[in-house]
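Participant: I am attaching a structure below and will ask some questions about it afterwards.
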Amino acid sequence: MRLFLLLITLLLPAVGLAQTNDQPAGEISVEDSAVQDAAIAVRIRDILGELEGYEDVTVTVTSGIVTLRGTTLDSERIARLNALTGRVKGVVAIENEVTETTDVVKRLNPAVERFRARMGQVIAFIPLASVALLAFILIVLLGFFVARLRQPWNRLAPNAFIADIYRQILRLAFMVAGLVVALDIMGASALLSTILGAAGIIGLAIGFAVKDTVENFIASIMLSIRQPFRPNDTIEIGGDTGKVIRLTSRATILLSFDGNHIRIPNATVFKSRIVNFSRNDERRFKFSLGLAPDTDFVDAQRIALDKLQELPFVLQAPAPAVWIDEIGDSTISITCTGWIEQHKSSLVAARGEAIRLVKLALEHAGVQMPEPTYRVLSPALAKMASGEENAASNTRENIAREADITAESQVTMDVQPSTDAALEQIVDAERKVTEADDLLRREAPEE
């Protein structure tokens, strides 16, 4: 309370000083005229009577000194009194003792009058605003009608997704045009720059907030224009492998070989290394077999290559190949490769059948495929162990050469792509349900 009183005490002199600082300048007459004082008082009263808000102000003049008393609605009118009074000829000094009124009714009356005036302006403005609104609606409806036409947008765009973007841009352009016309009718076209500036700032803020979404959207446009894969293609993206179901405006959907859906954001797809296993019908399988170090590898390679060439699902061009790959702790590996036609043969089935038949052919020829063994020998038992090893080796070799490989084990199994066909049926079924959201088209250009 004391602090409040102290502040009031400090402010009051400043207020009084502000009211009396604006004093008239010029020479002061030597003669004192009561007639002149009365004339000055009358002139000031007439002036204040024509102005609003000075009804309660009284004026007295003595020896050219004007004393103003009473109340006004606000401090701005009090400050104007000094300027008005000082302009009257013959005024020597001004004593402004006018204060702000505390009458609630008087304080509210101007606000009520202003509200009534503005309501009248609004009512008078309604017909013009209605015409502007009607013009805006007609232009927007025209834009939406043109955007809904199938042509020429489907002809100009490489796919339905880009055509829809063209339509959205057209709708936005007509909306901006409608806004410009409406503001011009109302005579407020200057507001357009303010509105567009605010929209730009808001758009920039939203762009930073949804950066990942915008990135996915732009990547979707690029992928839909130059499609690196087609429906049912087997692809690998960032370590995820599966068949392509569809490409949406946000993500690429794959069906893994385990039957799971893999959803990859298009921004990741666009920036990743994409391996398309289905673009070429010919595809190579590869496997390795470990053989004993004392094997005749020239003969083993010939046996494996002959067997690969005999397989009905292995292509002759590109031709199969066999080579020595690496040396292990107790084996030396050979690598075998062969090519198949993917629409006729399953890669995994063909590879498995090739491994089985090549292994049988090598075993039938007596080629050993030993398991790794580790032995610790003392010098005293080295000679005995060496003899046992030779005997065991001869026994295994004789057993392998004398093994009866039945005709059934040498029959080539079916390697038709039944699993791939089943997965393709699942993909086709899902594409029929979600065809409207798919951006992949057969007629689109290929990368």
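Participant: With respect to Ile264, is the statement that it is of a type outside the set (Phe, Trp, Tyr), surrounded by 20 or more Cβ atoms within 10 Å (Cβ to Cβ) and within 22 Å of Gln425 (Cα to Cα) true? Working first, answer last.
Facilitator: Values: of a type outside the set (Phe, Trp, Tyr): yes; surrounded by 20 or more Cβ atoms within 10 Å (Cβ to Cβ): no; within 22 Å of Gln425 (Cα to Cα): yes.
For Ile264, the condition - of a type outside the set (Phe, Trp, Tyr), surrounded by 20 or more Cβ atoms within 10 Å (Cβ to Cβ) and within 22 Å of Gln425 (Cα to Cα) - is not met.
Participant: Residues of region 305-353 being in a helix (DSSP H, G or I) and within 20 Å of Thr234 (Cβ to Cβ), which ones?
Facilitator: Leu347, Val348, Ala349, Ala350, Arg351, Gly352, Glu353
Participant: Something else: Out of all the residues in region 65-87, which are crowded, with 18+ Cβ neighbours inside 10 Å, within 15 Å of Val42 (Cβ to Cβ) and not hydroxyl-bearing (Ser, Thr, Tyr)?
Facilitator: Of everything in region 65-87, those that are crowded, with 18+ Cβ neighbours inside 10 Å, within 15 Å of Val42 (Cβ to Cβ) and not hydroxyl-bearing (Ser, Thr, Tyr) turn out to be Val66, Leu68.
Participant: Further question on the same structure: For region 273-291, name all the residues that are closer than 30 Å to Glu363 by Cα and among the polar types (S, T, N, Q).
Facilitator: Ser288 - this is the single residue of region 273-291 that is closer than 30 Å to Glu363 by Cα and among the polar types (S, T, N, Q).
Participant: Give all pairs with beta carbons closer than 8 Å in which a residue from region 275-295 that is on the phi < 0 side of the Ramachandran plot meets a residue that is surrounded by 17 or more Cβ atoms within 10 Å (Cβ to Cβ) and among the acidic types (Asp, Glu); count only pairs at least 6 apart in sequence or on separate chains.
Facilitator: Asn276/Asp233; Phe277/Asp233; Ser278/Asp233; Arg279/Asp233
Participant: Filter region 213-261 for residues that are small (Gly, Ala, Ser) and part of a strand (DSSP E or B); which is surrounded by the fewest Cβ atoms within 10 Å (Cβ to Cβ)? Break it down into steps so the answer makes sense when it comes.
Facilitator: So in region 213-261, the residues small (Gly, Ala, Ser) come out as 219-220, 224, 238-239, 242, 249, 251, 256, 259.
Then keep just the ones that are part of a strand (DSSP E or B); that gives 242, 251.
Values: Gly242: 23, Ala251: 19.
Ranking the candidates gives Ala251 first.
Quick note: the coordinates plus some simple rules give every number you see, no bench work behind them. All values derive from a computational prediction rather than experimental measurement. Glycine gets a Cβ as well: all are built from the backbone with ideal geometry, and neighbour counts include every protein chain shown.
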